[in-house]
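All of the numbers you see were taken from the coordinates with simple rules; none came from a lab. The structure presented is a predicted model; accordingly, all values stated were derived computationally and were not measured. Positions of Cβ are backbone-derived with ideal geometry, glycine not excepted, and every protein chain shown enters the neighbour counts.
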Amino acid sequence: MKLFVNKDIRYFFWKISIALIIALLSGLIFSQVIIHDFKAQLLTNNYEIAGYMLKHGVSPSDVSTIFATQKTEQELSLGQEFLKKLGYEVGISNRLFPDVNILLLRYRLILAMLVVIVSILILTAFFLYFRRQQNDIEKANDSINSFMNGNTVIQINGYEEGSLSKLFASVNEMATSLNAHIEREKYTKEFLKETISDISHQLKTPLTALRMYNEIIQEESGNEETVEKFTGNIEKALTRMEILIQNLLKIAKFDSGTIIMNKKEKNIRVLMEKIISDFETRREQEHKNITLNGSNNVALYCDEVWITEAIGNLVKNSLDHMERGGEVKITWEETPAITRIIIKDNGAGIHPEDIHHIFKRFYRSRFSQDTQGIGLGLSLAKSIVEAHNGTITVESTLGEGSIFTLDFLKLTNM
């Protein structure tokens, strides 16, 4: 029974059972005392009758016959009728039998003592059980009050099995869950605060530039060359703001868990060719090269749109940090367990102080020469790769270039 899982209830029933066993044994002993007293009183009465008869001339043989022989029903009836005439009946007053009164008083006293002893044992068992329960509940109440007052590390001690201990364990689990929720809320608030600060900082620069450009255009409205120049600057600032807002919206979707991946088997070479085609104009203008190297038969289980976004961000990052004539090499391979894509460049490389921070949002290195970057591309790429059950790592040597490695587990059927 589930009831006896509780250790305290088991102990309580054991104590009650012991008290009842003691009561039963006491009753048996009491019954033996009654029988003994009854026999003693019967023998004493027979002794008196035999002595009286011997004293008044009845022969010993007749006395022996009277006590030793089995009496008939007729003899019993004659004796009963004779004694009734003398008033000896069942309803006769106990006061006429002093010995009976003494025995009755003794039995009542013994019975009362037994009732008191058993009652004390049972009440003691109840008291100890409920006192222990009350102590545990009060300790739990103190712990809960302490938790409500800010002591979030306190726990309710309940090391024994039982319903109460299960309740305490559930309360502890709830407290742990609340602590985790509180920590998440603190992290979310801090993250939101930092994000708002970063967004404000990122938007402040192009907004300030837009205001300045607008004032210059108004002042130089008759100068076509100046108007054209600053109109182009306004377009660049607006493009920067658009990219920032788009990336923030994409990251927000990943944070909220609203992204639904439409994953399918995609040929990696086809994906890579599509990606580098988007940089065709830029690499020609900047005299930079992008090469592909990998099997034509390797496929990746992915969402084409998002994985293109991630790898495109990595390629853009490489182009942003290399001089004219630089090269980006994209290679891929597969093993029985993973599919690996490597983006390698011979650009400026990453400073050792920055290597562990480059995937953080809005992170801008103090050593970077790039003044146009927003600081969201690598963070977004990491979120996308991880959403594809993948990992992204980076190795870099300052002045020689960087290597980004993307490993995707082969989980096609999952």
Using amide H atoms built 1.01 Å from N in the peptide plane, name the residues 5+ places from residue 327, or on other chains, whose amide H lies under 5 Å from its own.
-> 289, 346
Summing Lys, Arg as +1 and Asp, Glu as -1, what charge do residues with Cβ under 15 Å from the Cβ of residue 284 carry, residue 284 excluded?
-> 0
Work out from phi, with θ = phi - 60° and the Karplus expression 6.51 cos²θ - 1.76 cosθ + 1.60, the ³J(HN,Hα) of each residue of region 14-26, listed in order in whole Hz, and give x for Gly and Pro.
-> 4, 5, 5, 4, 5, 4, 5, 5, 4, 4, 5, 4, 5
A student asked for the Cα radius of gyration and Dmax of the chain in angstrom ought to give 50.4, 167
Taking the chain as the reference, fit the longest principal axis to its C-alpha atoms, fit the long axis of helix 304-320 to the helix C-alpha atoms, and give the angle between the two in degrees, 0 to 90, nearest 10.
-> 50
Listing 166, 85 from the residue with the fewest other Cβ atoms within 10 Å to the one with the most, what is the order?
-> 85, 166
Give the angle, between 0 and 90 degrees and rounded to the nearest 10, that separates the Cα long axis of helix 163-219 from the longest principal axis of the Cα atoms of the chain.
-> 20
Give me the percent of Cα-Cα pairs in region 261-409 that sit more than 26 Å apart, rounded to a whole number.
-> 21
So, relative contact order of the chain in percent, Cα under 8 Å, 6 or more apart, is 11
When Lys and Arg each count +1 and Asp and Glu each count -1, what net charge do the other residues less than 9 Å away from residue 331, Cβ to Cβ, add up to?
-> +2
Can you run phi through the Karplus equation (6.51, -1.76, 1.60; θ = phi - 60°) for region 105-110 and list ³J(HN,Hα) in whole Hz, with x for Gly and Pro?
-> 4, 5, 5, 4, 5, 5
How would you rank 25-36, 59-70, highest first, on the average number of other Cβ atoms within 10 Å across their residues?
-> 25-36, 59-70
Per residue of the chain, what 222 nm ellipticity follows from adding -39500 (n - 2.57) for every DSSP H run with n ≥ 4, rounded to the nearest 500?
-> -22000 deg cm²/dmol
Please give the direction-averaged projected area of the C-alpha convex hull for region 163-255, in square nanometres with one decimal.
-> 7.5
Positive-end extreme of charge dipole, the chain - chosen from 140, 261, 314 (charges on Cβ) | 140
Dividing the mean separation of Cα pairs under 8 Å (6+ apart) by the residue count of region 163-255 yields a relative contact order in percent of 22
The chain - share of DSSP beta bridges that are antiparallel (%, nearest 5) = 85
